[in-house]
Amino acid sequence: MLKTDYLIIGSGIAGLSTALQLKDQGKITVITRGELKQANTYWAQGGIAAVMTKEDRFVKHINDTLDAGAGHGDRDAIRHLVEGAPKAIRFLESIGVKFKKEPALEGGHSVARIWRTTDFTGQDILNQLIKAVQKAKNIEVKDHVDAVELIVKNDRCNGAYVRVQDQEELHPIYAKRTVLATGGLGQLYAKTSNTKAAAGDGIALAAKAGLEPTALEFIQFHPTALNHDDKGRYFLLSETLRGFGAKIVNVEGKSFLDEYDSRAELAPRDIVTRAVNFELANGAVYLDMRHLNGKEVKKRFPNIYKRLKQYGLDLTNDLIPITPVAHFSCGGVPTDLKGTTKLPGLSAVGEVAYTKVHGANRLASNALLEAVVFAESIVKEIIRQKETGAEAEITEVDPSEIPKVVIESLPQVKAYAKRIGQIMWERVGIVRSEEGLKKALKEISEIPARDYRIQNRQIVCYKLIQACLHRPLSLGCHYIASDLD
Ligand SMILES: Cc1cc2nc3c(=O)[nH]c(=O)nc-3n(C[C@H](O)[C@H](O)[C@H](O)COP(=O)(O)OP(=O)(O)OC[C@H]3O[C@@H](n4cnc5c(N)ncnc54)[C@H](O)[C@@H]3O)c2cc1C
């Protein structure tokens, strides 16, 4: 049994930013299910959005975010996000992240405001966060520890039941405040840009504790991943490539995006994704940078260039075959602007949280930003509670109350997860229909969910499909095919 002041579940930008900003407030325990770097943050390429130049204004970033989200985001939450951005950048710089002097442009942004280090900005950010966390005295990090359930007692969250890798039993970790920072759910889909860890666990944990997830129907599919399954992940080809001038062409080598939207390559992701998806029905679709200065392309995107070389492709000379992939969950566990959930003692931050900033579709490079800004909000609230003596005491459970879980063999779990992924991709993917969604519910319910990992996936899939069924009209990245299509 372990007792801590603050338990943070997840070691991506959301979890580690929270831990670092909390470091003077007490004992912090960060748990993470795999290696420390197994997080979507590590794979973020484009960068982080912030209004930091003379020609830019907060109101422009707010309007761009609202527009990308199909008007479904909440203006107050977006203002909180956008106005917190310069401080978020300064926080990252303070731990050693070195952003380039000039911001980049990405789809949906009316002004260049994407701050990047290289074309693998997420890696640079996560590396610095990890270094800073490892130096901090009060922060203990435990890897290969899976949060399985929240400890709910006396109507509040008192920590989490965890499973240490390869063990059969669960153990409680008690905390005055627990922070869910478990990231997204892309791994519920057969094709995804997300890491293996991103299976929607935080949403399942919260749902099992009685918190209803919100806006799960808004799954963002990214239009340009390399069309190659690399051990369960698809390598992303960042939006900044299109910001730099890359074209998307069909099997005949022709550009087609302007037939779908006047902004063409720089239209918001949902529009580009659907266009690519429709064109794929006629044959392969490619990202094309051959018309651009090859030296400049290599200089600007050295890591993407190198990575594609490993797949036998030259970004400057070859057509790069692409596919859309499940990329980001706009919905999640609902929180207020302080990152607090309706369950006392529980906060949520980063991709797992639903803060209302993304609306029906996320604007590029607002996700890393959301994680840092709301981490700060959570910390502020914790400090306020501490100072006003409002921090609750921990209630422990009787050992007999510790839940027992079924653990099946890894190949079996993988096989069930694969089947779920196929169903979700086919029936709950880029284009949905009521009939398909209902079939998906049935098919997923037929998969034996004995193991807790499959149970969690099933819970999140049910919630997600039900959210889709409750929204019969298309909005943002939730697209329902009508008879007219
Ligand atoms: C390829 C790619 C490129 C992207 N590019 C950008 C970009 O340029 N700009 C941008 O703003 N956003 C981008 N995004 C989105 C952004 O990276 C993520 O939304 C963001 O990193 C999420 O941060 P997080 O800390 O919430 O989650 P993550 O970074 O995914 O971290 C989640 C953590 O929780 C852990 N975890 C999960 N379940 C459990 C459990 N049950 N128990 C214990 N630990 C658990 C995981 O192991 C992981 O450590 C990109 C995403 C991808 C996949």
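The values are calculated or read from the model by the stated rules, or taken from the named source; none is laboratory data. This structure is a prediction, so every number in the text was calculated from the model and none was measured. Positions of Cβ are backbone-derived with ideal geometry, glycine not excepted, and every protein chain shown enters the neighbour counts. Note: accessible area is taken over every heavy atom of the protein model, side chains too, but ligands, DNA and RNA are not part of it. Shrake-Rupley method; radii C 1.70, N 1.55, O 1.52, S 1.80 Å.
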>> Give the residue list of trypsin sites (Lys or Arg not before Pro) in the range 11-94 that are DSSP loop and have at most 14 other beta-carbon atoms within 10 angstrom.
In response: K54, R57
>> For Cα pairs less than 8 Å apart in space and 6+ apart in sequence, what is the mean separation divided by the residue count of the range 98-160, i.e. the relative contact order in percent?
In response: 17 percent
> When ligands, DNA and RNA are left out and all protein chains stay put, how many square angstrom of accessible area per residue does the chain have with a 1.4 Å probe?
Replying inline: 40 Å²
> When the accessible area of the range 221-326 is split by element with a 1.4 Å probe, what percent falls to carbon and sulfur?
Replying inline: 45 percent
>> Rounded, prolate or oblate, given the Cα gyration tensor of the range 406-469, with a/c below 1.5 counting as rounded?
In response: prolate
> Hey, what D do you get for the range 21-93 in µm²/s if you plug the Kirkwood alpha-carbon radius into Stokes-Einstein at 25 °C and 0.890 mPa s?
Replying inline: 163 µm²/s
> Hey, what number do you get for the chain at 222 nm if only DSSP H runs of n ≥ 4 count, each worth -39500 (n - 2.57), divided across all residues, to the nearest 500?
Replying inline: -10500 deg cm²/dmol
>> Suppose we take every Cα in the range 1-131 and form the convex hull; what volume per residue is that in Å³?
In response: 134 Å³
>> How tilted is helix 410-427 with respect to the longest principal axis of the chain? Cα atoms for both, answer in degrees (0 to 90, nearest 10).
In response: 50 degrees
> Can you list the GluC sites (Glu not before Pro) in the range 210-290 that are in a DSSP coil and have 11 or fewer other beta carbons within 10 angstrom?
Replying inline: E252
>> With a 1.4 Å probe and all protein chains left in place, how much of the accessible area of the range 3-66 comes from carbon and sulfur atoms, in whole percent?
In response: 51 percent
> Does the range 344-473 come out rounded, prolate or oblate, given a ≥ b ≥ c as the square roots of the eigenvalues of its C-alpha gyration tensor, rounded meaning a/c under 1.5 and, failing that, prolate meaning a/b above b/c?
Replying inline: oblate
> Ordered by residue, what ³J(HN,Hα) values in Hz, to whole numbers, does the range 111-121 give under the Karplus form 6.51 cos²θ - 1.76 cosθ + 1.60, where θ = phi - 60° and Gly and Pro are x?
Replying inline: 9, 5, 8, 9, 8, 9, 9, 10, 8, 10, 4
> Size of the range 97-191 along its principal axes in angstrom, Cα-based, largest extent first?
Replying inline: 50, 38, 30
> What does the range 218-277 give for Rg and for Dmax, in Å, if only its C-alpha atoms count?
Replying inline: 11.8, 36
>> If the reach is capped at under 20 angstrom between alpha carbons, list the lysines near K196, excluding any in the same chain fewer than eight residues apart.
In response: K37, K142, K231, K414, K418
> Quick one: with all protein chains in place, what share of the accessible area of the range 406-469 is carbon or sulfur, to the nearest percent (1.4 Å probe)?
Replying inline: 52 percent
> Any idea what log10 I(q)/I(0) is at q = 0.18, 0.30 Å⁻¹ for the range 62-113, Debye with uniform C-alpha scatterers and no solvent?
Replying inline: -0.71, -1.12
> List the lysines whose alpha-carbon lies under 19 Å from that of K380, not counting same-chain residues fewer than 8 positions away?
Replying inline: K23, K27, K87, K176, K338, K342
> When you take every Cα atom in the range 221-326, what is the radius of gyration, and what is Dmax, the widest Cα pair distance, in Å?
Replying inline: 12.8, 36
>> Just to check I understand the Karplus step: with θ = phi - 60° and J = 6.51 cos²θ - 1.76 cosθ + 1.60, what whole-Hz values come out for the range 241-251, glycine and proline as x?
In response: 5, 6, x, 8, x, 4, 9, 10, 10, 8, 4
> Exactly which trypsin sites (Lys or Arg not before Pro) in the range 373-412 are in a DSSP loop and have at most 11 other Cβ atoms within 10 Å?
Replying inline: K404
> With the radius of gyration and the Kirkwood radius both derived from the Cα set of the chain, what is their ratio Rg to Rh?
Replying inline: 0.95
